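The values are calculated or read from the model by the stated rules, or taken from the named source; none is laboratory data. From a predicted model like this one, the values you see are computed outputs, not experimental measurements. Please note: Cβ atoms are built from the backbone with ideal geometry, for glycine as well, and neighbour counts cover all protein chains shown. Please note that ligands, DNA and RNA were not included when accessible areas were found on the heavy atoms of the full protein model with its side chains. Shrake-Rupley method; radii C 1.70, N 1.55, O 1.52, S 1.80 Å.
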Amino acid sequence: ACRHPTSVRDSHGELPRQICCRLRWNPIYFNIISTKRTPIARTSKATALAVARAMLDKKATDVLILHVAKLTSVADYLVLGSADSDRQTRAIADHVDGVLSQSGAGALSIEGKASSQWVLMDFGDVVVHIFRQDARHHYGLERLWADARRIAIPGYTPPSAAASKPASQTRVRTAKRA
């Protein structure tokens, strides 16, 4: 029951009808819904895969996605990638930022772009690390997050674990001859 009834004539001016102040639908909400369409939000896994694809576009090596949601509250996924030089590290970071910004998921923060030995990009639920090869082996984030589940990147075959280790860490077994 409305406390503020109002009588209004209909469009032909013939029959009065009562309008209640309580509408069945809100015209402001209806206009927003009918005119403005927002894209469906990406899942954090889709964002991690998009980052990995963008890194591979710029020839990043040893690209790896780690699912760390059960291990930490900081992020759901870590994406790791390596570059051969400072210039390539910067190019990969710029490309990842550009690709995700176009899709509406820009980086919240980017650190280390000036030195370019280790660039860290924060996309909320996805944290991206782009290293120079020597810095990646020095910090060893794969060892730190060894309990994390690795996510496969469609169409990409990662190098074997033995091939990704530096020569000083690999052991060569030789058989003794009698």
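Listed here are the residues, each with its yes/no results for (1) in contact with a Leu (Cβ under 8 Å, 6 or more places away or on another chain); (2) charged (D, E, K, R); (3) open to solvent by 50 Å² or more (accessible area, probe 1.4 Å); (4) not in a helix (DSSP H, G or I).
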position: ASP62; (1), (2), (3), (4): yes, yes, no, yes
position: LEU66; (1), (2), (3), (4): yes, no, no, yes
position: LYS70; (1), (2), (3), (4): no, yes, yes, yes
position: VAL74; (1), (2), (3), (4): no, no, yes, yes
position: THR89; (1), (2), (3), (4): no, no, no, no
position: VAL96; (1), (2), (3), (4): no, no, no, no
Exercise. Within the group ARG132, ARG136, which residue is at pLDDT 90 or above and buried (at least 17 other Cβ atoms within 10 Å of the Cβ)?
Worked result: ARG132
For this session: Just one of (1) surrounded by fewer than 18 Cβ atoms within 10 Å (Cβ to Cβ); (2) over 22 Å from THR157 (Cβ atoms) trips up GLY112, so point out which.
Result: (1)
Exercise. With respect to the numbered conditions (1) more than 16 Å from ALA48 (Cβ to Cβ); (2) in contact (Cβ under 8 Å) with a residue 24 or more places away in the chain, which one is the sole condition not fulfilled by VAL68?
Worked result: (1)
For this session: Scan the stretch 72-79 and give yes if some residue there is hydroxyl-bearing (Ser, Thr, Tyr) and more than 16 Å from MET55 (Cα to Cα), otherwise no.
Result: yes
Exercise. Can you tell me which residue in the stretch 104-128 is nearest to ALA50 (Cα to Cα), limited to those that are in contact with a Lys or Arg (Cβ under 8 Å, 6 or more places away or on another chain) and assigned to a strand (DSSP E or B)?
Worked result: VAL119
For this session: With respect to ALA46, determine if the residue is at pLDDT below 90 and open to solvent by less than 90 Å² (accessible area, probe 1.4 Å).
Result: yes
